[in-house]
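J.: Could you have a look at this structure, given as structure tokens, before my questions?
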There are 2 protein chains.
Amino acid sequence: MLKKVQYPEKPEKEELKRRLKAAREELFSRQMLLKEKKLPVIVLMEGWGTSGKGTIIGGVIQSIDPRFFKVSAVTEPTKEERRKPWLARYFEKIPEEGKFQFYDSGWMDEITRERLKGMDDAPYKERLNSVRRFERTLTDNGYLVFKFFCDITQKEQKKRISLLEDVLDTEWRIDKYDKWQNRHYDKCRRVFDEYIEATNTPNAPWYIIDSSSRKWAELQILTVINEGLKDAMQNEARNVPVMQNTFKLKKMPLLKDIPLNRSLSEAEYERELEELQDKLRALHNRLYRLKVPVIICYEGWDAAGKGGNIKRITGALDPRGFEVHPIASPEPHEKARHFLWRFWTRLPKDGHIAIFDRTWYGRVMVERIEGFCSENDWKRAYNEMNEFEKELKDWGAVIIKFWVQIDKDTQLKRFTDRQNTPEKQWKITEEDWRNREKWDAYETAINEMLAKTSTDFAPWHILESVDKKYARIKALRIVVEELEKALK
Amino acid sequence: MLKKVQYPEKPEKEELKRRLKAAREELFSRQMLLKEKKLPVIVLMEGWGTSGKGTIIGGVIQSIDPRFFKVSAVTEPTKEERRKPWLARYFEKIPEEGKFQFYDSGWMDEITRERLKGMDDAPYKERLNSVRRFERTLTDNGYLVFKFFCDITQKEQKKRISLLEDVLDTEWRIDKYDKWQNRHYDKCRRVFDEYIEATNTPNAPWYIIDSSSRKWAELQILTVINEGLKDAMQNEARNVPVMQNTFKLKKMPLLKDIPLNRSLSEAEYERELEELQDKLRALHNRLYRLKVPVIICYEGWDAAGKGGNIKRITGALDPRGFEVHPIASPEPHEKARHFLWRFWTRLPKDGHIAIFDRTWYGRVMVERIEGFCSENDWKRAYNEMNEFEKELKDWGAVIIKFWVQIDKDTQLKRFTDRQNTPEKQWKITEEDWRNREKWDAYETAINEMLAKTSTDFAPWHILESVDKKYARIKALRIVVEELEKALK
């Protein structure tokens with residue numbers, strides 16, 4: 001692709017200057033509309049070393065109010081970043097609605113570098129799949145994604161490298177990889193080409209930019225961005241295709257068919273609790289040592305007993321190795337981003353356990369039922385959440401998802417008890433009563449959720465919690481079993 | 001101190017069990033009051049290696065709802081963390097109001113480790129000063145700070161080390177430092193003692209805990225926390241002493257005495273702009289290489305021309321090396337913490353430039369005038385902000401603070417112009433008009449701010465901005481001069 005691209009002809013100096021001025025003014029005047037339309041924009045700047053990515057971004061942002069953009073300079077992952085899924089550091093930086101995020105450079109650079117270092121076909125293909133899913137879930141959720149590859153010839157690159165190296169204050173800008181690229185220019189071009197072709201999708205196409213001159217490159221980029229913004233701002237309500245599920249799903253029972261008469265005696269409970277907590281304690285040490293990340297998700301009816309259940313898990317864990325994330329309604333800076341952002345930013349380091357008290361599944365429960373997102377949004381979310389969990393699985397995470405089940409009568413009993421017990425009153429709010437009125441709508445939504453998101457790599461487990469003791473022991477047993485499996 | 005502490009007598013087994021149960025229940029029942037009273041609580045767990053800090057925290061948190069606490073395991077700073085002020089990683093983790101934050105361990109561990117490695121007296125004293133200021137600004141702002149030192153004998157430590165080392169899954173818990181401590185027990189004790197005495201302040205006193213048995217240690221800690229919470233919850237409106245300024249201050253003019261007739265011709269402007277931006281560009285490369293952090297602060301009247309001024313600075317900078325932070329009203333998670341938290345979390349890495357478009361000085365302007373904080377709060381803030389900047393200075397940062405000055409007539413002209421120009425209307429809101437009505441109150445507050453916070457390490461610079469060109473060139477010149485000074 002790089003070889004075949006036919007660049008537009010570079011205009012004469014005066015013409016270039018005139019057009020650049022016009023393009024800058026156009027972008028400047030569009031930024032407020034962007035803000036009003038709440039469009040988030042991602043600009044991915046990739047390209048050869050010394051192709052001038054930084055300087056070009058420096059030019060483009062001159063036309064944007066500093067309140068509306070951020071630039072992130074991404075280089076090789078740090079030790080800490082390597083302890084998270086590889087996509088995390090990119091996902092963490094996605095912009096809020098109405099704002100620009102420039103990546104200099106991004107995931108292409110990371111992946112092609114690894115490929116050039118000899119990454120095998122299989123993991124490389126996995127990476128490409130990740131990228132396509134990542135970019136698609138962004139654009140599906142309203143992000144504009146511009147991908148630029150700044151192209152220069154081998155000769156030009158060589159010239160630039162020696163110019164920069166000559167000066168002490170700019171010499172740090174040249175790293176070994178730049179020089180290596182120049183010596184292996186053809187090989188790099190093949191790898192870049194392969195990557196670009198594999199990720200040149202309709203929702204996030206590539207633009208190859210003739211970067212022989214900086215101002216000319218800036219003009220080409222501004223033109224693409226201006227056109228893209230213009231089109232996007234004319235779009236009205238955006239319904240995008242809902243991807244078909246391609247993951248293997250486990251068959252789940254309907255809520256109404258789950259027998260809730262299971263229980264445990266106090267003696268059995270005490271005995272099993274001690275035994276399982278001892279096991280879990282030992283497993284926690286082992287997974288810490290082996291650097292296995294663990295993600296435990298709790299969803300369930302109000303008053304189903306999630307809190308007490310979680311406590312029996314954490315009671316066996318070293319507090320330095322786990323974190324509980326209670327998930328309430330999103331704050332403004334969270335709501336202004338992709339719905340998975342606040343989970344991507346709360347992932348555990350490898351060797352650690354994250355427990356989510358309510359999760360991303362709010363998308364297909366409360367957000368669906370209260371209309372906080374569109375029908376198209378929540379219908380797409382099943383697949384988006386499966387893909388998210390796939391990403392976590394590929395990273396090496398153990399994922400355990402619990403649905404804590406009770407019946408409507410039990411809930412009423414517990415609500416009434418909370419209301420009548422002074423120390424428990426804080427646990428019950430008007431909202432709980434309102435949600436209770438929507439029991440049937442929730443039941444439909446939950447059945448659909450369980451059916452569509454119980455993948456073989458992250459299946460749902462039902463915790464029958466009319467007898468809380470039974471549910472706690474079952475949860476502990478599942479956690480112990482899953483960890484034993486993973487640590488074998 | 002460690003040697004002299006007289007521990008309470010450890011109760012018999014049954015008595016210990018009974019009292020532990022009661023203490024746990026007490027903490028459990030207090031947590032909701034804490035939430036209502038919006039008290040943030042910091043629990044700093046320090047102590048000997050293998051003194052059981054983690055396990056003790058594990059016990060204490062059993063009595064707290066997972067929504068109300070976090071535990072952070074702090075070890076030696078990472079490479080990334082070393083690029084920020086040393087306090088940053090602790091400040092970043094302070095809890096929201098109504099919540100607990102456990103540090104295992106914290107700043108004592110870091111500092112005493114360095115001291116044991118041979119840190120000189122002078123920097124060590126600086127560290128102790130930092131700590132006292134840090135803890136004081138926390139408690140002054142309503143944080144409860146509990147500091148525990150878990151004490152065990154040399155013999156006990158030796159026994160525990162060999163027990164843990166015997167098992168593969170717990171062997172990673174022992175690091176070289178633990179063993180070193182045990183071999184140099186007396187030396188360590190002297191250093192710990194010295195540190196504890198130097199930081200044993202009335203607002204954040206130390207509690208030395210006999211940690212020969214875990215349950216016994218937990219009971220002692222729970223007792224201290226319960227007592228502390230009880231006392232704190234009885235406190236009503238909290239007015240704390242306002243620290244006297246101890247920094248050398250530069251004399252600042254009153255706003256009304258600043259001559260605003262300065263201007264530049266278009267030709268002078270263009271010439272100087274190019275020259276200064278070229279210089280700044282070169283300086284940016286150099287400070288990046290020398291890893292000097294730079295913090296540029298903009299405050300000024302609405303429509304004074306901050307945005308355009310900032311743009312002339314950033315126009316000369318490589319976008320990979322700077323970030324502009326527009327500061328608006330705090331989001332809920334920001335408001336729930338110390339007012340400096342959202343600035344501590346936005347500091348640049350060394351070698352980078354952070355530009356703040358409005359700053360922490362909002363505390364003594366808008367927050368003072370609108371009553372968003374108490375009088376005691378904003379009166380304390382002058383010193384708190386000076387100390388904050390001192391911390392940044394000691395870290396090695398160049399701090400440049402601009403006040404962008406115009407007169408009331410100029411503001412009216414610019415407001416009217418914005419109102420009448422469609423592309424500029426977004427820049428003017430009802431709030432701007434409301435603030436304008438409070439011009440005199442602001443002027444008083446600003447004069448006081450300039451007088452009290454123009455330290456010799458972070459003085460204010462006035463930018464006369466009736467002629468925006470003049471102000472831009474002056475800003476650029478000051479930035480260039482300050483950087484040249486710092487990079488000499």
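J.: Looking only at residues in the range B:338-352 that are within 15 Å of B:Glu384 (Cα to Cα) and in contact (Cβ under 8 Å) with a residue 24 or more places away in the chain, which one is nearest to the other protein chains (Cβ to nearest Cβ)?
T.: Among those that are within 15 Å of B:Glu384 (Cα to Cα) and in contact (Cβ under 8 Å) with a residue 24 or more places away in the chain, it is B:Trp341.
J.: Then there's this: Looking at B:Lys53, B:Lys17, B:Lys70, B:Lys4, which is the one that is surrounded by fewer than 18 Cβ atoms within 10 Å (Cβ to Cβ) and either assigned by TED's automatic domain parsing to the domain that holds B:Gly142 or touching a Ser or Thr at 6+ places or on another chain (Cβ under 8 Å) (or both)?
T.: Unique residue meeting the criteria: B:Lys17.
J.: Of the conditions (1) farther than 26 Å from A:Ile56 by Cβ; (2) within 14 Å of chain A (Cβ to nearest Cβ); (3) free of Cβ contacts under 8 Å to residues at least 40 places away in the same chain, B:Gly305 clears all except one; give me its number.
T.: (3)
J.: Moving to a separate point now. Can you name every residue in the range A:143-168 that is in a helix (DSSP H, G or I), more than 14 Å from chain B (Cβ to nearest Cβ) and of a type in the set (A, V, I, L, M, F, W, C)? If you could, list the steps in order and put the result at the bottom.
T.: Within the range A:143-168, the first condition is being in a helix (DSSP H, G or I), and the residues that meet it are A:154-165, A:168.
Imposing the further condition that a residue be more than 14 Å from chain B (Cβ to nearest Cβ) reduces the set to A:154-162.
Matches in the range A:143-168: A:Ile161 only.
J.: Might you let me know whether the range A:106-122 holds any residue that is closer than 30 Å to A:Trp341 by Cβ and within 14 Å of chain B (Cβ to nearest Cβ)?
T.: Looking for residues that are closer than 30 Å to A:Trp341 by Cβ and within 14 Å of chain B (Cβ to nearest Cβ), one finds at least one in the range A:106-122, hence yes.
J.: Is it fair to say B:Thr139 is within 14 Å of another protein chain (Cβ to nearest Cβ), among the polar types (S, T, N, Q) and either more than 21 Å from B:Ala217 (Cα to Cα) or in a loop (DSSP other than H, G, I, E, B) (or both)?
T.: Taking the combined requirement at face value, the residue does not satisfy it.
J.: Now for a separate question. Of all residues in the range B:292-347, count the ones that are assigned to a loop (DSSP other than H, G, I, E, B) and farther than 30 Å from B:Phe100 by Cα.
T.: Counting residues in the range B:292-347 that are assigned to a loop (DSSP other than H, G, I, E, B) and farther than 30 Å from B:Phe100 by Cα gives 11.
J.: Condition first: facing chain B (nearest Cβ under 10 Å), of a type outside the set (Lys, Arg) and either over 30 Å from A:Ile295 (Cα atoms) or out of contact with any helix residue (DSSP H, G or I) (no Cβ under 8 Å at 6 or more places or on another chain) (or both). Can you find one or more residues in the range A:81-90 that meet it?
T.: No, because not a single residue in the range A:81-90 is facing chain B (nearest Cβ under 10 Å), of a type outside the set (Lys, Arg) and either over 30 Å from A:Ile295 (Cα atoms) or out of contact with any helix residue (DSSP H, G or I) (no Cβ under 8 Å at 6 or more places or on another chain) (or both).
J.: Please give the number of the condition A:Leu39 fails out of (1) modelled with pLDDT under 95; (2) under 16 Å from A:Arg337 (Cβ atoms); (3) in contact with a helix residue (DSSP H, G or I) (Cβ under 8 Å, 6 or more places away or on another chain); (4) within 12 Å of another protein chain (Cβ to nearest Cβ).
T.: (4)
J.: Given the structure, is B:Arg363 in contact with a Phe, Trp or Tyr (Cβ under 6 Å, 6 or more places away or on another chain), closer than 16 Å to B:Ala441 by Cβ and surrounded by fewer than 23 Cβ atoms within 10 Å (Cβ to Cβ)?
T.: Taking the combined requirement at face value, the residue satisfies it.
J.: From A:Arg342, A:Arg358, A:Arg346, grab the single residue that is out of contact with any Gly (no Cβ under 7 Å at 6 or more places or on another chain), more than 25 Å from A:Glu448 (Cβ to Cβ), basic (Lys, Arg) and surrounded by fewer than 19 Cβ atoms within 10 Å (Cβ to Cβ).
T.: Unique residue meeting the criteria: A:Arg346.
J.: Looking only at the range B:97-123, count how many residues are surrounded by fewer than 17 Cβ atoms within 10 Å (Cβ to Cβ) and more than 17 Å from B:Phe192 (Cα to Cα).
T.: Counting residues in the range B:97-123 that are surrounded by fewer than 17 Cβ atoms within 10 Å (Cβ to Cβ) and more than 17 Å from B:Phe192 (Cα to Cα) gives 1.
J.: Show the residue pairs meeting these rules: Cβ distance below 9 Å; 6+ apart or different chains; first residue within the range A:181-206 and of a type in the set (Gly, Ala, Ser); second residue exposed (fewer than 14 other Cβ atoms within 10 Å of the Cβ).
T.: Note: pairs meeting the criteria are A:Ala198/A:Lys125.
J.: Counting only residues that are buried (at least 17 other Cβ atoms within 10 Å of the Cβ) and either touching a Pro at 6+ places or on another chain (Cβ under 6 Å) or more than 14 Å from chain A (Cβ to nearest Cβ) (or both), how many does the range B:169-178 have?
T.: Number of matching residues: 1.
J.: Which pairs have Cβ atoms under 6 Å, sit 6 or more apart or on different chains, and link a residue in the range B:109-135 that is over 23 Å from B:Gly47 (Cβ atoms) to one that is part of a helix (DSSP H, G or I)?
T.: Within 6 Å, the pairs are B:Arg133/B:Glu387.
J.: Identify the single condition in (1) within 12 Å of chain A (Cβ to nearest Cβ); (2) farther than 22 Å from B:Arg160 by Cβ; (3) surrounded by 19 or more Cβ atoms within 10 Å (Cβ to Cβ) that B:Ile94 does not satisfy, given that it satisfies every other one.
T.: Looking at each condition in turn, B:Ile94 falls short on (1).
Let's see how each residue does on (1) surrounded by fewer than 23 Cβ atoms within 10 Å (Cβ to Cβ); (2) on the phi > 0 side of the Ramachandran plot:
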{"site": "A:Lys38", "(1), (2)": "yes, yes"}
{"site": "A:Val43", "(1), (2)": "no, no"}
{"site": "A:Glu80", "(1), (2)": "yes, no"}
{"site": "A:Ala88", "(1), (2)": "yes, no"}
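J.: Having 1 or more residues that are among the aromatic types (Phe, Trp, Tyr) is the bar; report the helices (runs of 4 or more DSSP H) wholly within the range A:1-98 that clear it.
T.: A:13-37, A:88-91
J.: Just to be sure before I move on: is A:Lys279 in the same structural domain as A:Cys150 (by TED's automatic domain parsing) and either surrounded by fewer than 17 Cβ atoms within 10 Å (Cβ to Cβ) or in contact (Cβ under 8 Å) with a residue 40 or more places away in the chain (or both) in the structure I sent?
T.: On the way: in the same structural domain as A:Cys150 (by TED's automatic domain parsing): no; either surrounded by fewer than 17 Cβ atoms within 10 Å (Cβ to Cβ) or in contact (Cβ under 8 Å) with a residue 40 or more places away in the chain (or both): yes.
No.
J.: Could we say that B:Glu76 is within 11 Å of chain A (Cβ to nearest Cβ) and among the acidic types (Asp, Glu) here?
T.: No.
J.: Moving to a separate point now. Working carefully through the options A:Glu268, A:Glu218, find the one that is over 30 Å from A:Gln181 (Cα atoms), of a type outside the set (A, V, I, L, M, F, W, C), at pLDDT 95 or above and surrounded by 13 or more Cβ atoms within 10 Å (Cβ to Cβ).
T.: Just a single option satisfies the conditions, and that option is A:Glu268.
J.: Of a type in the set (Phe, Trp, Tyr), touching a residue at least 60 places away in the same chain (Cβ under 8 Å) and within 14 Å of chain A (Cβ to nearest Cβ) - does that describe any residue in the range B:353-360?
T.: Among the residues of the range B:353-360, at least one is of a type in the set (Phe, Trp, Tyr), touching a residue at least 60 places away in the same chain (Cβ under 8 Å) and within 14 Å of chain A (Cβ to nearest Cβ), which makes the answer yes.
J.: State which residue pairs qualify: first residue more than 11 Å from A:Glu464 (Cα to Cα) and inside the range A:251-264, second residue of a type outside the set (Asp, Glu) in any location, beta carbons under 7 Å apart, and separation of 6 or more residues or different chains.
T.: Close Cβ pairs satisfying both conditions: A:Met252/A:Leu450; A:Met252/A:Ala451; A:Met252/A:Ser454; A:Met252/A:Trp460; A:Leu254/A:Asn447; A:Leu264/A:Lys469; A:Leu264/A:Tyr470; A:Leu264/A:Ile473.
J.: Filter the range A:383-430 down to the residues that are in contact (Cβ under 8 Å) with a residue 24 or more places away in the chain and aromatic (Phe, Trp, Tyr) and list them by number.
T.: Result: A:Phe388, A:Trp395, A:Phe402, A:Trp403, A:Phe415.
J.: Please go through the range B:124-167 and give me each residue that is farther than 18 Å from B:Ile196 by Cβ and of a type in the set (Val, Ile, Thr), ordered by number.
T.: B:Thr137, B:Ile161, B:Val167
J.: Out of (1) surrounded by 15 or more Cβ atoms within 10 Å (Cβ to Cβ); (2) within 30 Å of A:Arg19 (Cα to Cα), what's the single condition that is false for A:Asp231?
T.: In the conditions (1) surrounded by 15 or more Cβ atoms within 10 Å (Cβ to Cβ); (2) within 30 Å of A:Arg19 (Cα to Cα), A:Asp231 misses (1) alone.
J.: OK, next. Among A:Arg19, A:Arg24, which is the only one that is within 13 Å of chain B (Cβ to nearest Cβ) and of a type outside the set (Gly, Ala, Ser)?
T.: Only one candidate qualifies: A:Arg24.
J.: Run A:Tyr361 past the list (1) of a type in the set (Phe, Trp, Tyr); (2) closer than 24 Å to A:Glu437 by Cα; (3) touching a Ser or Thr at 6+ places or on another chain (Cβ under 7 Å) and report the number of the one that doesn't hold.
T.: (3) is the only condition that A:Tyr361 fails.
The values are calculated or read from the model by the stated rules, or taken from the named source; none is laboratory data. Nothing here was measured: the structure is a model prediction, and the numbers come from that model. Every residue, glycine among them, receives a Cβ derived from its backbone with ideal geometry; neighbour counts consider all protein chains shown.
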